[in-house]
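S.K.: This structure is in structure tokens; I'll ask about it shortly.
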There are 2 protein chains.
Amino acid sequence: MKKELQHKIDFKTKPQGALGQLEELALQIGQIQNTLTPELKNPTFLVFAADHGLTEEKISTFPKEVTFQMVMNFLYGGAAINVFCNQHDITLKIVDAGVDYDFPDTYKLINAKIAHGTKNSLKEPAMSTNECEQALAKGAELVKAEAAAGCNVIGFGEMGIGNTSAAALIMQKITKLPIEQCVGAGTGLDNDGIDHKTEVLRKVTQKHNVTAPKDILAAVGGLEIAMMCGAMLEAKKQNMLILVDGFIATSAFMVANEIDKSIKDNAVFGHVSNEQGHKRMIEYLGVKPILNMGLRLGEGTGAALAYPLIKSSIEFLNKMASFEDAGVSESN
Amino acid sequence: MKKELQHKIDFKTKPQGALGQLEELALQIGQIQNTLTPELKNPTFLVFAADHGLTEEKISTFPKEVTFQMVMNFLYGGAAINVFCNQHDITLKIVDAGVDYDFPDTYKLINAKIAHGTKNSLKEPAMSTNECEQALAKGAELVKAEAAAGCNVIGFGEMGIGNTSAAALIMQKITKLPIEQCVGAGTGLDNDGIDHKTEVLRKVTQKHNVTAPKDILAAVGGLEIAMMCGAMLEAKKQNMLILVDGFIATSAFMVANEIDKSIKDNAVFGHVSNEQGHKRMIEYLGVKPILNMGLRLGEGTGAALAYPLIKSSIEFLNKMASFEDAGVSESN
């Protein structure tokens with residue numbers, strides 16, 4: 001199928017390779033779906049929210065309450081991810097993976113709460129092995145339901161004050177880079193704030209002697225990250241196209257990639273984030289993100305913003321004329 | 001208005017600056033329209049087509065006939081720019097600025113033909129002063145009509161076998177960079193082909209001792225480039241948002257920028273092209289393109305592909321909740 005797809009791409013009415021990365025995307029998606037006429041069906045984003053015990057150590061500029069307040073904002077449609085999903089006809093679902101707040105049952109929120117936030121990983125593992133397994137399983141269950149409903153392209157976002165710390169810790173444990181190269185400004189720390197965050201995270205990495213992917217996830221991760229990781233692994237099993245967002249989503253992907261190295265075949269990276277560690281994650285994974293617009297918001301926004309470009313790759317493959325169709329002369 | 005816009009952007013429910021380049025775009029477009037609630041109305045792309053006498057010197061891999069064949073392809077809806085304009089509800093109009101082919105009157109093509117292609121600029125000026133002025137005026141006239149019909153965002157594309165040569169020549173005359181730094185592979189020359197093209201273009205630059213922008217345009221430009229330049233200048237006068245595509249469109253913009261330095265205020269650059277000179281044009285102009293996807297197709301495709309991101313900047317500005325609206329705590 002790869003050869004046939006490449007032939008179809010090359011004989012569209014354009015110089016060979018002139019659509020650059022769109023041609024690579026068309027080839028990738030055609031191969032995933034094993035067809036010359038791929039389709040993107042029922043695009044869906046799941047946004048996982050959870051709290052982090054490590055916020056006790058003052059590693060974020062925003063108070064912890066912002067996690068549940070932003071979940072409310074998602075439910076009212078006022079956040080960036082709502083706006084971009086609406087713009088691109090993407091179905092958006094919000095998942096409570098572990099917010100430290102009890103939402104009324106009447107809210108249009110998927111209740112997948114494993115705990116009221118993680119524990120403080122400076123003092124103890126963020127979650128128990130059992131909680132981590134539950135989060136992974138719940139993420140898989142949610143994705144299985146979307147696949148059964150006909151979705152074949154899925155993006156993941158997150159909300160959790162403190163979660164750039166969890167992502168940096170996962171990154172450090174997997175890449176073994178110095179912690180300084182994994183830590184960034186998050187929602188907007190100044191240099192003193194970054195120094196403090198770095199020192200806290202250094203101590204956390206020293207506390208937990210973990211190497212297996214799920215052990216890393218449990219020791220220093222987050223409930224939203226674990227659930228997203230389980231969701232990504234299931235999306236690969238279901239042969240969906242997986243849209244990966246920024247720093248935190250990529251930390252979940254890195255764990256998934258340790259568990260199933262073939263997951264990269266199904267993944268498209270929406271953007272490279274302004275959070276400094278993300279560029280190094282991207283290099284570590286050897287992948288090529290679509291956008292580089294200085295975004296650092298999370299929620300899945302970078303992946304949602306890249307969605308029309310992913311769609312453009314399918315559109316040109318399915319709708320452009322070939323040289324033969326159009327009676328256009330080929331190059332010498 | 002700049003201060004009020006920045007305030008509105010900063011108090012959306014996200015960390016300050018977290019939407020990166022989208023925030024810069026929202027600020028720019030709000031300032032152009034002098035409002036806190038900008039709108040993109042009747043987005044329209046004009047694609048200008050023309051032939052080039054310099055193709056006699058074998059500076060392209062494609063035969064000259066491809067210009068008119070691709071115009072036919074545009075009219076039948078089979079080209080990349082058709083697909084991407086359809087995807088984003090952009091009105092597309094095709095303009096014959098100087099194709100060396102007589103299209104039947106019944107075709108849905110704007111007949112603005114100034115000549116049957118330019119002359120061979122290795123031997124004589126590509127066009128007369130009068131032809132150049134006619135092309136500029138016609139471009140302005142077409143844009144004035146779009147503005148009168150309610151369009152406030154306009155993109156420009158081009159088709160013309162040989163026109164990366166004309167663009168490289170314009171670039172060299174304006175930037176005064178060595179010709180080697182302006183010449184690229186165009187539709188797909190190999191290294192020998194690029195060497196030959198470079199030597200031809202070096203002789204052309206030596207033949208024409210021109211410095212004034214319109215003299216450069218007439219001596220070494222193209223009819224589609226001149227018409228696009230006139231169109232851009234008028235779009236600035238009409239205070240429209242101007243979407244600039246790749247190497248050839250940027251060469252037209254460079255001439256327009258020499259004539260009216262304020263035009264940059266209204267311009268957004270869709271992408272940085274894989275045609276090697278484009279990066280240097282972008283540096284010379286000191287602008288920041290949206291996409292970097294290795295595109296090198298022209299037709300306006302890079303600008304059309306960037307359009308949903310431009311729209312996203314307006315959408316977040318108009319539709320996201322503020323911290324106050326949403327009851328979300330601000331950062332410390």
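S.K.: Using a 1.4 angstrom probe on the protein heavy atoms only, could you order B:Ile194, A:Ile216 from most to least accessible area?
M.R.: B:Ile194, A:Ile216
S.K.: On to the next question. Threshold 30 Å², probe 1.4 Å: give the residues of segment B:12-48, in number order, that are less accessible with all protein chains present than with their chain alone.
M.R.: In segment B:12-48, residues shielded by partner chains: B:Thr13, B:Pro15, B:Ala18, B:Leu19, B:Gln21, B:Leu22.
S.K.: If you put +1 on each Lys and Arg Cβ and -1 on each Asp and Glu Cβ, how big is the dipole of segment B:214-290 around its Cα centre, in Debye rounded to 20?
M.R.: The dipole of segment B:214-290 has a size of about 200 debye.
S.K.: Most fluctuating residue of B:Thr164, B:Thr61, B:Thr118 in a GNM of chain B with Cα springs under 10 Å: which is it?
M.R.: Maximum among the listed residues: B:Thr61.
S.K.: Taking a probe of 1.4 Å and counting only protein heavy atoms, give the total accessible area buried between chains B and A in Å², rounded to the nearest 100.
M.R.: Interface area, both chains combined: 4200 Å², rounded to the nearest 100.
S.K.: List, shortest first and in nm to one decimal, how far the label point of A:Lys3 (7 Å from Cα along Cα→Cβ) is from its counterparts in the other copies.
M.R.: 6.8
S.K.: Using amide H atoms built 1.01 Å from N in the peptide plane, name the residues 5+ places from B:Leu92, or on other chains, whose amide H lies under 5 Å from its own.
M.R.: B:Phe45
S.K.: Chain B: which residue's Cβ hugs the B-to-A rotation axis most tightly, distance rounded to whole Å?
M.R.: Output: B:Pro308, 2.
S.K.: Shifting gears a bit: Would you mind computing, in nm to one decimal, how far apart the modelled labels at B:Lys207 and A:Glu56 are, each placed 7 Å from Cα along Cα→Cβ?
M.R.: Label-label distance for B:Lys207 and A:Glu56, simple model: 7.9 nm.
S.K.: In terms of the Cα gyration tensor, with a ≥ b ≥ c the square roots of its eigenvalues, is chain B rounded because a/c is under 1.5, prolate because a/b exceeds b/c, or oblate?
M.R.: Taking the square roots of the gyration eigenvalues as a ≥ b ≥ c, chain B is prolate.
S.K.: Got a sec? Which residues in segment A:254-269 would a label at A:Gln31 touch, if it sits 7 Å along Cα→Cβ and we count backbone N under 18 Å?
M.R.: Residues passing the 18 Å test: A:257, A:260-269.
S.K.: From the Cα gyration tensor of segment A:183-332, with a ≥ b ≥ c the square roots of its eigenvalues, which class applies: rounded if a/c is under 1.5, or else prolate if a/b is larger than b/c, or else oblate?
M.R.: It is prolate, given that a/c is not under 1.5 and a/b is the larger ratio.
S.K.: Just going by the charge dipole of segment B:44-317, with Lys and Arg at +1 and Asp and Glu at -1 on Cβ, which of B:Gly160, B:Leu217, B:Ile114 is farthest out on the positive end?
M.R.: Positive-end residue among those listed: B:Leu217.
S.K.: Given the pairs A:Lys138/A:Lys207; B:Lys64/B:Lys123; A:Lys236/A:Lys279; B:Lys119/B:Lys176; A:Lys288/B:Lys279; A:Lys236/B:Lys311, which are separated by over 26 angstrom at their Cα positions?
M.R.: Violating the 26 Å limit, Cα to Cα: A:Lys138/A:Lys207; A:Lys236/B:Lys311.
S.K.: Restricting the count to DSSP beta bridges whose residues both fall in the protein assembly as shown, what percent are antiparallel, rounded to a multiple of 5?
M.R.: 5
S.K.: By how many nm would the segment from A:Thr129 to A:His116 grow when fully extended, if each residue of separation counts as 0.36 nm and the alpha-carbon distance is taken off?
M.R.: So the extension gain works out to 3.1 nm.
S.K.: What residues of segment B:304-332 lose no less than 30 Å² of accessible area with every protein chain in place versus their chain by itself (probe 1.4 Å, heavy atoms only)?
M.R.: In segment B:304-332, residues shielded by partner chains: B:Leu305, B:Pro308, B:Leu309, B:Ser312, B:Glu315, B:Met320, B:Val328, B:Ser329, B:Ser331, B:Asn332.
S.K.: Same structure, new question: Show that you can apply the helix-only estimate: for chain B, add -39,500 (n - 2.57) for every DSSP H stretch of four or more residues, divide by all residues, and state [θ] at 222 nm to the nearest 500.
M.R.: -15000 deg cm²/dmol
S.K.: Next question. Report the local net charge at A:Pro308: Lys and Arg +1, Asp and Glu -1, summed over other residues whose C-beta lies under 15 Å from its C-beta.
M.R.: Local charge sum for A:Pro308: -1.
S.K.: B:Gly184: net charge of surrounding residues, Cβ under 14 Å, Lys/Arg +1, Asp/Glu -1, itself excluded?
M.R.: Result for the neighbourhood of B:Gly184: 0.
S.K.: What is the Å³ per residue value for the convex hull set by the Cα atoms of the protein assembly as shown?
M.R.: Per residue, the Cα convex hull of the protein assembly as shown comes to 150 Å³.
S.K.: Then there's this: What is the magnitude of the charge dipole of the protein assembly as shown about its Cα centre, with +1 placed on the Cβ of each Lys and Arg, -1 on the Cβ of each Asp and Glu, and no other charges, expressed in debye to the nearest 20?
M.R.: 560
S.K.: Moving on to the next point. Where the label is 7 Å out from Cα toward Cβ, how close does A:Asn239 come to the same position in every other copy, in nm, shortest first?
M.R.: Distances to the matching label points in the other copies: 5.5 nm.
S.K.: Averaged per residue, what accessible surface does chain A expose to a 1.4 Å probe, in Å²?
M.R.: 37
S.K.: Can you give the net charge of the other residues whose Cβ lies under 13 Å from the Cβ of A:Ala26, counting K and R as +1 and D and E as -1?
M.R.: Taking every Cβ under 13 Å from that of A:Ala26, the sum is 0.
S.K.: Now, a different point. Using +1 on the beta carbon of Lys and Arg, -1 on that of Asp and Glu, and nothing else charged, what's the dipole of segment B:104-227 about the Cα centre, debye to 20?
M.R.: 280
S.K.: Counting only protein heavy atoms, probe 1.4 Å: which residues of segment A:86-108 lose 30 Å² or more of accessible surface in the full assembly compared with their chain by itself?
M.R.: Checking the loss per residue gives A:Gln87.
S.K.: Heavy atoms only, probe 1.4 Å: what % of the accessible area of the protein assembly as shown goes to carbon and sulfur, would you let me know?
M.R.: So the carbon and sulfur contribution to the accessible surface is 46 percent.
S.K.: Could you tell me which residue out of A:Leu243, A:Leu295, A:Val71 lies farthest along the dipole of chain A toward its positive end? Charges go on the beta carbon: Lys and Arg +1, Asp and Glu -1, centred on the Cα centre.
M.R.: Among A:Leu243, A:Leu295, A:Val71, the one farthest towards the positive end of the dipole of chain A is A:Leu243.
The values are calculated or read from the model by the stated rules, or taken from the named source; none is laboratory data. Not measured: the values here are computed from a predicted model. Counting neighbours? That spans all protein chains shown, and the Cβs are built from the backbone with ideal geometry, glycine included. All accessible areas refer to the heavy atoms of the entire protein, side chains included, with ligands and DNA or RNA removed. Shrake-Rupley method; radii C 1.70, N 1.55, O 1.52, S 1.80 Å.
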